[in-house]
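Heads up, the thing below is written out as structure tokens.
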Amino acid sequence: MEVKSRRKVYDGYFKMYELTVEQDGHTLTREQFDRGTAVAALVHDTQKDSYILTKQFRIGSESELVEVVAGIVDAGEDPEVSIKREIEEEIGYHVDQLEHLYTFYSSPGGTTERVLLYFAEVSKQHSNGGGKADEHEKIEVVELSEADLLKLVTPDAKTIIAQQWLQLRKK
């Protein structure tokens with residue numbers, strides 16, 4: 001498949017493109033949701049030996065989700081800087097150690113979103129977190145034991161991947 005042209009058809013909070021593609025002599029039109037690059041982290045408080053997640057309303061699921069810390073990489077920003085910023089804004093911790101785990105596409109059939117998933121170790125909460133007021137974020141900090149994290153049932157893929165990584169790490 002070869003992309004022949006790309007035209008922006010929506011330019012709001014997110015962007016949408018119409019792509020003309022050619023495959024096996026056929027020309028097709030497809031829409032592409034440009035979501036950008038996201039970062040996420042499974043955060044472990046080494047002093048409390050607990051995992052710190054967030055609970056917030058998500059537009060895509062139209063529901064509140066308990067999930068790992070996550071956000072969008074700002075234009076020109078290094079992803080490691082982005083995830084450290086998100087951890088500070090959402091749950092109020094400075095990062096002691098950061099390890100990149102995986103990079104994956106959340107839904108490659110129609111969106112460009114690429115997620116960089118990290119494991120972050122923290123040791124001291126310096127603020128309440130809760131997100132940025134000017135971005136109208138209302139984030140609840142959720143603290144779970146390892147056992148409770150592994151039992152958590154969630155529809156959120158990045159959190160499921162983090163749970164599976166943790167389970168494999170234990171073996």
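Couple of notes before you dig in:
- Potential lengthening between residue 135 and residue 8 on full extension [0.36 nm per residue; Cα-Cα distance subtracted]: 43.2 nm
- Calculated [θ] (222 nm, deg cm²/dmol) that DSSP helices of n ≥ 4 give over the chain, each run adding -39,500 (n - 2.57): -6000 deg cm²/dmol
- Annotation: Cα Rg of the stretch 90-157 relative to the compact-globule expectation 2.2 N^0.38 Å equals 1.34.
- Size of electric dipole in the chain: Cβ of Lys, Arg +1 and of Asp, Glu -1, about Cα centre, debye, nearest 20: 400
- Model label points for residue 167 and residue 31, set 7 angstrom from Cα along the Cα-to-Cβ axis, are 3.5 nm apart.
- Of 60, 130, 92, the one that fluctuates the most in a GNM where the chain has Cα springs shorter than 10 Å: 60
- With the charge dipole of the chain set up from +1 on Lys and Arg Cβ and -1 on Asp and Glu Cβ about the Cα centre, the Cα lying farthest toward the positive end among the listed residues 79, 159, 52 is that of 159.
- Pairwise centroid distance, computed over Cα atoms, of the stretch 21-88 with the stretch 145-171, Å: 17
- Count of lysine pairs in the stretch 57-171 with Cα separation under 22 Å (8 or more residues apart, or interchain): 12
- Per-residue HN-Hα couplings for the stretch 35-52 [Karplus 6.51, -1.76, 1.60; θ = phi - 60°; Hz; x = Gly/Pro]: 9, x, 9, 10, 10, 8, 8, 7, 9, 10, 7, 6, 6, 8, 6, 9, 10, 10
- Extending 7 Å from Cα along the Cβ direction at residue 65 and again at residue 98 yields two label points whose distance is 2.2 nm.
- Excluding same-chain neighbours fewer than eight residues apart, the aspartates and glutamates reachable from residue 15 by a Cα-Cα span under 13 Å are 31, 34, 113.
We did not get these values from a lab; they are worked out from the coordinates using the rules stated. Note that the structure is a prediction, hence the values are computed from the model and not measured. So basically every Cβ, Gly included, is an ideal-geometry build from the backbone, and we count neighbours across all protein chains shown.
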